[in-house]
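Engineer: One structure is given below, represented as structure tokens, and several questions about it will come after.
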Amino acid sequence: MFCYEEILATQPQNYMVNIRYAEILYSVGSGDDSLEELYSARKYYSHALTLQTDTTAKFSTRALWGLLQTCKAIEGLLKRIDNKNTEIILTC
């Protein structure tokens with residue numbers, strides 16, 4: 001995780017680095033049942049989707065799938081519906 005934080009510091013506009021960092025945060029958050037990491041993973045997945053500039057593919061499937069999985073994990077830990085998660089899921 002530290003290495004990807006360093007890479008993000010040098011390449012903040014690289015959407016693939018954001019996706020990989022979000023995947024690490026998701027893995028850490030789902031293992032420890034920590035909402036902090038899951039909220040951060042959701043943020044980085046969303047940011048990666050806004051950074052993608054490839055006009056041939058609308059969105060990265062990897063980032064979309066990760067975002068949906070993260071939203072579901074957050075709702076599973078909260079044991080209630082989160083309005084922000086619902087908004088994200090409906091717009092995907």
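Engineer: What is the chain's relative contact order, in percent, from Cα pairs under 8 angstrom and six or more apart in sequence?
Structural biologist: It comes to 23 percent, rounded to a whole number.
Engineer: Turning to a different aspect of this structure: Charges on Cβ only, +1 for Lys and Arg, -1 for Asp and Glu, centred on the Cα centroid of segment 1-53; of ASN18, SER40, VAL28, which one is farthest towards the dipole's positive end?
Structural biologist: It is ASN18.
Engineer: Still on this structure, please answer the following. Taking 22 Å as R0, compute the FRET efficiency from the Cβ-Cβ separation of LEU8 and THR91 and round it to 0.05.
Structural biologist: 0.35
Engineer: Give me the distance in nm between label points sitting 7 Å out from Cα along the Cα-to-Cβ direction at SER46 and LYS79, one decimal.
Structural biologist: That separation, rounded to one decimal, is 2.6 nm.
Engineer: If you don't mind, there's one more thing I want to ask. Would you mind telling me which residue in ALA48, ALA22, ALA73 has the biggest mean-square fluctuation in a Gaussian network model of the chain, where springs connect alpha carbons within a distance under 10 angstrom?
Structural biologist: Top of the fluctuation ranking is ALA73.
Engineer: Here's a follow-up. Under unit Cβ charges (Lys, Arg +1; Asp, Glu -1), what dipole magnitude, rounded to 20 debye, does segment 1-88 have relative to its Cα centre?
Structural biologist: Computed charge dipole of segment 1-88: roughly 320 debye.
Engineer: Which order results if TYR15, TYR44, TYR4 are arranged by neighbouring Cβ count within 10 Å, fewest first?
Structural biologist: Listing TYR15, TYR44, TYR4 from fewest to most nearby Cβ atoms yields TYR4, TYR15, TYR44.
Values quoted throughout were computed directly from the atomic coordinates according to the rules given, and no laboratory measurement underlies them. Here the structure is a predicted model, which means the values were calculated and not measured. Quick reminder, even Gly has a Cβ in these numbers, built from the backbone with ideal geometry, and neighbours come from all protein chains shown.
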